[in-house]
Amino acid sequence: MGTGSKVFYAIGTFLALMAVFYILATAWIGEDAYLFGVEWIGAVGLVLATALCFMLGGYLHIAESRSDVLPEDWEEAEIEDGAGVLGFFSPGSIWPFTMSASILFLGLGIAFWQFWLIAFGAVMLIWATAQLNLQYGIPREKH
């Protein structure tokens, strides 16, 4: 198990303990104010944050078990051991910006409850995501 998965498992465990403590504390203090005495917004937020940490920890655990030992996990590693090609990153792609702008429109539509803006942002997000995934699959003369 690598360092990344250990970190997310530890954060998830901490959040799970805090969720239990939060649910018990709000149920004990606010008996008349809420349904069954529990303040549900904070409880659901903590439970979902716990689930997210465990999902990320599980993903990193599976990904790290399928790869070789990384220089970050090897105690006798030198700086040079981490050198080399880390992957391919598109140097001049416009699509991450387009995706961010479409998420902005989608968020504004949800915030102001404007269905036309939600639809526009959703269509733009689907289109930008497809273009990001296909940008190097399209022949060179087309892009």
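The values are calculated or read from the model by the stated rules, or taken from the named source; none is laboratory data. From a predicted model like this one, the values you see are computed outputs, not experimental measurements. As a convention, Cβ positions derive from the backbone with ideal geometry for all residues, glycine included, and neighbour counts pool all protein chains shown. The accessibility values were calculated without ligands, DNA or RNA, using every heavy atom of the protein model including side chains. Shrake-Rupley method; radii C 1.70, N 1.55, O 1.52, S 1.80 Å.
The length gained by stretching the chain between residue 55 and residue 3 to full extension, at 0.36 nm per residue less their Cα-Cα distance, is 17.2 nm. Here the 3J(HN,Hα) profile of the stretch 44-54, calculated from phi with Karplus coefficients 6.51, -1.76 and 1.60 at θ = phi - 60°, is 5, x, 5, 5, 5, 5, 5, 4, 5, 5, 6 Hz, Gly and Pro shown as x.
For the chain, a Gaussian network of Cα nodes joined below 10 Å ranks 123, 69, 20 by mean-square fluctuation, and the top entry is 123.
Rounded to the nearest 20, the Cβ-based charge dipole of the chain about its Cα centre (Lys and Arg +1, Asp and Glu -1) stands at 860 debye. The label point for residue 28 and the one for residue 93, both projected 7 Å from the Cα toward the Cβ, are 5.0 nm apart. Expressed as a whole percent, the accessible surface of the chain that belongs to carbon and sulfur atoms is 72, based on a 1.4 Å probe.
Within the chain, which is the longest segment that contains none of the GluC sites (Glu not before Pro) sitting in a DSSP loop with at most 14 other Cβ atoms within 10 Å? Longest gap between qualifying sites, sites excluded: 79-143.
Taken along its principal axes, the alpha carbon cloud of the stretch 42-127 reaches lengths of 56, 42, 20 Å, longest axis first.
For residue 110 and residue 133, the difference between the fully extended length at 0.36 nm per residue and the C-alpha to C-alpha distance is 5.7 nm. Here residue 41 and residue 100 are evaluated by their C-beta separation; at R0 = 30 Å the FRET efficiency comes out at 0.60.
When the chymotrypsin sites (Phe, Trp or Tyr not before Pro) in the stretch 48-119 are filtered for DSSP coil states and for at most 14 other beta-carbon atoms within 10 Å of their beta-carbon, the remaining sites are 74, 88, 89, 113. Calculated accessible area for the chain comes out at 77 Å² per residue, all protein chains present (probe 1.4 Å; ligands, DNA, RNA ignored).
Derived scalar couplings between HN and Hα for the stretch 7-19 equal 5, 5, 5, 5, 5, x, 5, 4, 5, 5, 5, 5, 5 Hz in order, rounded to whole Hz, by the Karplus curve 6.51 cos²θ - 1.76 cosθ + 1.60 (θ = phi - 60°), x for Gly and Pro. Secondary-structure-derived ellipticity at 222 nm for the chain, considering helices only, amounts to -22500 deg cm²/dmol, per-run term -39500 (n - 2.57) for DSSP H runs with n ≥ 4.
What does the extension gain come out to for residue 18 and residue 122, with contour length at 0.36 nm per residue minus their alpha carbon separation?
Between residue 18 and residue 122, full extension yields 33.9 nm more.
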